[in-house]
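In what follows, a structure is listed as structure tokens, so that the remarks can point back to it.
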2 protein chains.
Amino acid sequence: MAKTIYLDYAAATPLDSNVLAEMQPYMTDAFYNPSAPYQPAREVRKDIEEARISVARIIGAKPTEVVFTAGATESINLAFNIGGHMVTTTTEHAAVLQAANTHDATLVNVDEKGRVNPNDIKKAITPKTTIVTVSFVNNETGTIQDLKSIAKIIFDERQKREAKGSTTPLYLHTDASQAAGMLDIHVARLGVDMMTLNGGKIYGPKQTGILYFNSSIDLQPMIVGGGQERGLRSGTENVAGVIGFSKALEIAEKKRKTEFERLENLRQQMLDILQKEFTDIIIIGDQKHHTPHILTAAWRGLDAERVLFALESQNILVATGSACAANKDTRSHVLTALGLEPGIIDASLRFSFGRHTTSDDVDTAAKIIVDVIKQELARGKRIK
Amino acid sequence: MAKTIYLDYAAATPLDSNVLAEMQPYMTDAFYNPSAPYQPAREVRKDIEEARISVARIIGAKPTEVVFTAGATESINLAFNIGGHMVTTTTEHAAVLQAANTHDATLVNVDEKGRVNPNDIKKAITPKTTIVTVSFVNNETGTIQDLKSIAKIIFDERQKREAKGSTTPLYLHTDASQAAGMLDIHVARLGVDMMTLNGGKIYGPKQTGILYFNSSIDLQPMIVGGGQERGLRSGTENVAGVIGFSKALEIAEKKRKTEFERLENLRQQMLDILQKEFTDIIIIGDQKHHTPHILTAAWRGLDAERVLFALESQNILVATGSACAANKDTRSHVLTALGLEPGIIDASLRFSFGRHTTSDDVDTAAKIIVDVIKQELARGKRIK
């Protein structure tokens, strides 16, 4: 049987074997409750705090500014627990948009490449706005947002509020789940006040993540109880998960620059083959500002779902929409927000590359993808 | 070096090796996002749903009535998200009491053995009460509450409300984290409408758990996003954790009756030795209604914290208070609620037994415990 070529790294990444090795002791001998007072438990507590220090160092934060959460979705929900008016974009992850639904929120449109104009964010900010949230990298299109310009707007707005004597805080949050391991996620350089990361997207364990929050923020816990995580997220710690997340982030950061380049080459390799074979291919997302690990494209008249299953039968795994929409049979809200017509959305495929993707994989996969798409396009024409 | 004798199973249980083995594939090959549409991901989705069916079968629920959460604390917070007036007891876990703090809540006192009188619960219920929550087994005293009588009261109150035309719902929730693997946790036999379980207390992974909720309950999600767990708890599933929790519960239930008996004998063995050596030992908690895995006792004049560290130096690990209070330097609220004077609380130790505790362990530990306590009591007298 042919080797499976996995091209859906944006949906889930395999656990790094070094991460698993690091987690292993906490799943066997070091099982103690980190809040217990005896030495073996205090060792576990110390290991958690060292993991927190490592994460903080990588993102340029203080350890007290890092809360370990059960994944990115919880992190996002926790960030928004500060209340007030929210400004976000129409292409955010479901976690942001669902949370926005329960808030007073303004959704800003993006351009046809999926980029939000920082000035549109500026216009949407009202005196009651407390949080602006824009994901760093979109998981469906790979488009990178201009966070630094948005941060500048937030900074200016804060200055204005201060001058006016307003005490309403204003914070910039970003979901950087798809950016970690690809782009610089140093919070001061980005200019963000809160940041969400996801272990499951950086070869770490699922349902691990963090919320970074600037120490000036009066973060309110969502889950209360024993007072763990400085009262911000109660519950006996997921020790193995915390250790695994920290190690995964460390490795992702170490490999970041070489992986960025390597994946950019793989993406270009795939793009070259597809563009050569299909002159009318529609490349989706911002091609100037994109993450190297995501390539989304559409073919007019194609039934992408059929292609997905045809590719699966040849051991190539790709995506058609955001896997996070939990099997809901709806068109991608992200591609809709880009102004793409339904026919194009239904004809779009997302290829996402990762640490185990090789140039040979891309060659092999691209050939099969080209064949399947050609067959499907021909079939489409016959039906018409 | 002498083998460590761990007598703090109520704080944390080691992961069962069979549970870890069951989790392992989901931490390596089966890493797919369960929401992805291709076959390997659908297999993962199927495994999650089979785990849910297994859990549901064990507790006598429908699979749709089981939500997987990141631990018991989240489960408890989720249960209380229905809002309205809450009735609970003064000896609940911090997660319940902290959540009660953010609700309109009435705290009912317990007797000197830690048992709540069901009639006191009845008296505390107002027409606005929506939730009564009483933990099945207290983690500090081992006292078992009379859930069935409380369930009867809830049932009667519901009938009355119905007769009056009231539409305010009334539900009984229990945190059965310390009961699983010891007592029957079949929800219909208990008469509860919601139940919290904790993987970390049943030799499963930390930060795994469930909320059982009767399908008549209009449960409101706390964490929104991609719509996983039927919209009640969004976020890419902790696949390994879900599988591990399910296996842990299956094993705990299989071993329940034999473990109950075995641990009851070990507890009695420890109690016999202690009572023989110390005629004025104070046994804390209800000795008629207690879980076999917890024995809490106090010695007038003892500095329990000194004993804990003296025992640790001889490789015996015990507890003085609830480890869940995250290192806070406060007296146990549970023992305070029993009406125990501060001097007795500071002189109390909790021994908790588990699957790896042997009769030899208890003999060895008891001898050392007796010696250390005698030395400490003698030292106390010298100081006076």
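Summary of values
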read-out	value
Unique match (being touching a residue at least 12 places away in the same chain (Cβ under 8 Å) and within 26 Å of B:L147 (Cα to Cα)) among B:L302, B:L295, B:L271, B:L311	B:L295
Qualifying residue in region A:46-61 (condition: over 20 Å from A:Y203 (Cβ atoms), over 22 Å from the mean Cα position of the chain (by Cα) and facing chain B (nearest Cβ under 9 Å))	no
Per-region count, region B:8-22, residues crowded, with 24+ Cβ neighbours inside 10 Å and part of a helix (DSSP H, G or I)	1
Residue check for B:T320: hydroxyl-bearing (S, T, Y) and modelled with pLDDT of 95 or more	no
Residue tally, condition without any contact (Cβ under 8 Å) to a residue 60 or more places away in the chain and of a type in the set (G, A, S), over region B:348-384	1
Hits in region B:94-148 (condition: of a type in the set (D, E, K, R) and more than 14 Å from chain A (Cβ to nearest Cβ))	B:D104, B:D111, B:E112, B:K113, B:R115, B:D120, B:K122, B:K123, B:K128, B:D146, B:K148
Test: residue in region B:38-49 that is free of Cβ contacts under 8 Å to residues at least 40 places away in the same chain, surrounded by 15 or more Cβ atoms within 10 Å (Cβ to Cβ), assigned to a loop (DSSP other than H, G, I, E, B) and outside the structural domain of B:A310 (by TED's automatic domain parsing)	yes
Test: residue in region A:264-272 that is under 30 Å from B:G204 (Cα atoms), part of a helix (DSSP H, G or I) and more than 14 Å from chain B (Cβ to nearest Cβ)	no
Complete set of residues in region A:62-77 that are hydroxyl-bearing (S, T, Y), part of a helix (DSSP H, G or I) and more than 7 Å from every other protein chain (Cβ to nearest Cβ)	A:T64, A:S75
Yes/no for A:A72 being crowded, with 23+ Cβ neighbours inside 10 Å and closer than 23 Å to A:S215 by Cβ	yes
Members of region A:194-225 that are farther than 20 Å from A:I243 by Cα and either facing chain B (nearest Cβ under 9 Å) or surrounded by fewer than 24 Cβ atoms within 10 Å (Cβ to Cβ) (or both)	A:N214, A:S215, A:S216, A:I217, A:D218, A:L219, A:Q220, A:P221, A:M222, A:I223, A:V224, A:G225
Hey, A:S215 in a helix (DSSP H, G or I), touching a residue at least 24 places away in the same chain (Cβ under 8 Å), more than 22 Å from B:S234 (Cα to Cα) and of a type in the set (G, A, S) or not	no
Residue in region B:95-103 that is crowded, with 20+ Cβ neighbours inside 10 Å, of a type in the set (S, T, N, Q) and in contact with a helix residue (DSSP H, G or I) (Cβ under 6 Å, 6 or more places away or on another chain) present	no
Filter pass, B:S234 being within 12 Å of chain A (Cβ to nearest Cβ), without any contact (Cβ under 8 Å) to a residue 60 or more places away in the chain and buried (at least 23 other Cβ atoms within 10 Å of the Cβ)	yes
Odd one out for B:T330, checked against (1) free of Cβ contacts under 8 Å to residues at least 12 places away in the same chain; (2) of a type in the set (S, T, N, Q); (3) in contact with a strand residue (DSSP E or B) (Cβ under 7 Å, 6 or more places away or on another chain)	(3)
In region B:1-42, residue nearest to A:A11 (Cα to Cα) [restricted to those that are more than 7 Å from chain A (Cβ to nearest Cβ), of a type in the set (S, T, Y) and touching a Leu at 6+ places or on another chain (Cβ under 7 Å)]	B:Y6
Region B:237-263 - residue that is crowded, with 24+ Cβ neighbours inside 10 Å and among the polar types (S, T, N, Q) and, of those, nearest to B:P25 (Cα to Cα)	B:N238
Count - residues of region A:5-64 that are under 30 Å from A:D360 (Cα atoms), out of contact with any Pro (no Cβ under 7 Å at 6 or more places or on another chain) and not charged (D, E, K, R)	14
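The rows are residues; the columns are (1) at pLDDT 95 or above; (2) touching a Ser or Thr at 6+ places or on another chain (Cβ under 6 Å); (3) over 30 Å from B:E74 (Cα atoms).
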position: B:Q275; (1), (2), (3): yes, no, yes
position: B:A297; (1), (2), (3): yes, no, yes
position: B:G301; (1), (2), (3): no, no, yes
position: B:L311; (1), (2), (3): yes, no, yes
position: B:A325; (1), (2), (3): no, no, no
position: B:T330; (1), (2), (3): no, no, no
position: B:G343; (1), (2), (3): no, no, yes
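The values are calculated or read from the model by the stated rules, or taken from the named source; none is laboratory data. Worth saying up front: this structure is predicted, and the values here are computed from it rather than measured. Every residue, glycine among them, receives a Cβ derived from its backbone with ideal geometry; neighbour counts consider all protein chains shown.
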